[in-house]
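See below for the structure under consideration.
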Amino acid sequence: MENSPYLSDETAYDNAELRINSTQSGQFINLVTMQNHYPYSDHYYTNKGFEASGSALSSNTDTDEVEQFATGLSYTDTAVKKFIKEIDNINKPITFIWYGDHLPGGIYDGLDVTKNNVALHETDTSFIPISTPASTRGRPRN
């Protein structure tokens, strides 16, 4: 993805879809992506679509790192949306669970995140059941 040494989320999801389609039997796939991993100061993205501002930013470096991270998240949003659309058309039950293991490192340095009750190693989790195979949607079940 642009200048990043990491595999893009889109490529990781494409690989997962290939695995899902490789068998009709049940599977458990634990896919860990690195696209949005620290450091954000390596300027992976040249086409940033975001401008960071605010009192929490203490320098131009902080601003650039937040903009780099936000750009990576935007790419992730696009890849996740595409992946969900693609697995929704696979003819078997799938549950997609999406989570992060921690908030991004580096961009919160120097901030007292505890005063706003932010836990650095606790993130939201999304469960997206794709539980009805596409071929049976809209049909009565026996």
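The set of residues from the range 61-85 being of a type in the set (S, T, N, Q), open to solvent by less than 50 Å² (accessible area, probe 1.4 Å) and in contact with a Ser or Thr (Cβ under 9 Å, 6 or more places away or on another chain) comprises 63, 68, 76. Of the residues making up the range 1-60, those that are part of a helix (DSSP H, G or I) and surrounded by 11 or more Cβ atoms within 10 Å (Cβ to Cβ) are 9, 10, 11, 12, 13, 14, 15, 16, 17, 19, 20, 21. For the range 91-113, which positions are modelled with pLDDT of 75 or more and among the hydroxyl-bearing types (Ser, Thr, Tyr)? Across the range 91-113, the qualifying residues are 95, 99.
Within the range 79-101, restricting attention to residues that are in a loop (DSSP other than H, G, I, E, B) and within 16 Å of residue 32 (Cα to Cα), which residue is nearest to the chain's Cα centre (by Cα)? The selected residue is 100.
Restricting the range 28-55 to residues that are under 15 Å from the mean Cα position of the chain (by Cα) and in contact (Cβ under 8 Å) with a residue 24 or more places away in the chain, which is farthest from residue 66 (Cα to Cα)? Step through it out loud before you land on a result.
Looking only at the range 28-55, we keep the residues that are under 15 Å from the mean Cα position of the chain (by Cα), and these are 30-38.
Keeping just the survivors that are in contact (Cβ under 8 Å) with a residue 24 or more places away in the chain gives 33-38.
Numbers: 33: 19, 34: 17, 35: 15, 36: 11, 37: 12, 38: 11 Å.
Among them, the one singled out is 33.
With respect to residue 88, determine if the residue is closer than 28 Å to residue 30 by Cα, open to solvent by 70 Å² or more (accessible area, probe 1.4 Å) and at pLDDT 70 or above. So residue 88 does not fit the description; no.
Touching a strand residue (DSSP E or B) at 6+ places or on another chain (Cβ under 7 Å), in contact (Cβ under 8 Å) with a residue 12 or more places away in the chain and not acidic (Asp, Glu): is that true of residue 90 in this structure?
Working: touching a strand residue (DSSP E or B) at 6+ places or on another chain (Cβ under 7 Å): no; in contact (Cβ under 8 Å) with a residue 12 or more places away in the chain: yes; not acidic (Asp, Glu): yes.
Criteria not met by residue 90.
The values are calculated or read from the model by the stated rules, or taken from the named source; none is laboratory data. In this text the structure is predicted, and so the values were computed from the model without any measurement. Note that we place each Cβ from the backbone using ideal geometry, even for glycine, and neighbour counts take in every protein chain shown. Keep in mind that these areas ignore ligands, DNA and RNA; they rest on the heavy atoms of the full protein, side chains included. Shrake-Rupley method; radii C 1.70, N 1.55, O 1.52, S 1.80 Å.
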